[in-house]
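Input: a single structure, listed below in structure tokens.
Derivation of every value follows stated rules applied to the coordinates shown; laboratory data play no part. These figures come from a predicted structure and were not determined experimentally. Backbone-built Cβ (ideal geometry, glycine too); neighbour counts: all protein chains shown.
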Amino acid sequence: MIVLDHSVGWPKIEDLHRLAGEEAVLDLTVDPPAIHLRSQGFTLNEEAPSPGQLRMVRAFDLLGASIGLAILSPLFVLTALMVGLTSRGGVIYRSDRIGQSSGRFAALKFRSMTRDAEARLEGLLDSDPNARQEYERFHKLRADPRVTRVGRFIRRTSLDELPQLLNVLRGEMSLVGPRPNLLTEVERFGPAIDTVLRVKPGLTGLWQVNGRSNLGFDERIMLDIDYALNRTLGGDLKICLRTVAQMLSTGDNGAY
């Protein structure tokens with residue numbers, strides 16, 4: 001049972017109905033202040049977090065990011081050296097992203113691509129229909145000509161995202177949340193983007209621990225909505241532990 005506050009509005013409910021699948025059933029009986037949408041395997045809770053809950057999440061973010069920076073500082077230095085010594089360009093890449101309440105911020109990453117990345121991508125998509133189809137579905141390419149040799153390694157191990165701990169300390173991101181979206185990705189969400197942007201984007205999240213780039217974009221939207229409407233501190237902790245386990249795993253975790 002999905003319970004949505006009446007203030008969500010019908011466009012957003014219709015969007016959730018579409019994302020939830022054909023088996024989802026709208027219950028048009030309004031039980032103020034809630035409207036009910038039934039769907040197998042997809043449950044939402046539209047209750048707004050209390051100020052106390054928000055303070056706990058922020059404290060969790062600050063503590064986790066501070067400990068992470070202290071413990072992982074040698075990896076920061078090593079990764080920066082690997083990136084800087086093996087390819088031309090800056091060590092840190094700043095990517096414009098959409099944050100909580102549609103605010104924009106620069107998400108920090110270790111650079112994993114060549115300096116002419118956009119030209120390489122454009123050339124590949126123009127010449128290879130299969131690559132274009134893959135990029136349109138996943139917004140990523142498994143055999144990406146833009147990614148350097150070191151870039152492939154730091155992406156597979158998620159080391160490229162370590163600088164986002166600084167975004168967490170600055171309050172632009174949380175340790176756990178929906179994936180930070182590019183400006184060009186917002187249209188794909190439709191009305192559901194308002195739901196996703198209720199919370200800060202995360203360094204990790206449901207997408208990262210449920211298949212990552214092996215998932216299609218619509219599946220990612222589902223996970224982002226599910227997280228935004230069901231966030232709990234206990235759930236965040238579980239996602240963090242699963243993320244660490246995936247980083248240490250040698251199997252295919254969908255990172256590339």
> If you add up the charges near L165, with Lys and Arg at +1 and Asp and Glu at -1, over every other residue whose beta carbon is less than 13 angstrom from its beta carbon, what do you get?
Replying inline: -2
> Which whole-angstrom value gives the distance between the alpha carbon centres of the stretch 70-121 and the stretch 166-192?
Replying inline: 16
>> From the phi angles alone, apply the Karplus equation (6.51, -1.76, 1.60; θ = phi - 60°) to the stretch 172-182 and give each ³J(HN,Hα) in whole Hz, x where the residue is Gly or Pro.
In response: 7, 9, 10, 4, 10, x, x, 5, x, 8, 5
>> Can you tell me how the stretch 164-256 classifies by the Cα gyration tensor, rounded, prolate or oblate, using a/c under 1.5 as the rounded cut?
In response: oblate
>> Less than 11 Å Cβ to Cβ from R152, Lys/Arg counted +1 and Asp/Glu -1: what total charge do the surrounding residues give?
In response: +3
>> For M113, what residues show an amide H to amide H distance below 5 Å, using hydrogens built from the backbone and excluding near sequence neighbours?
In response: T148
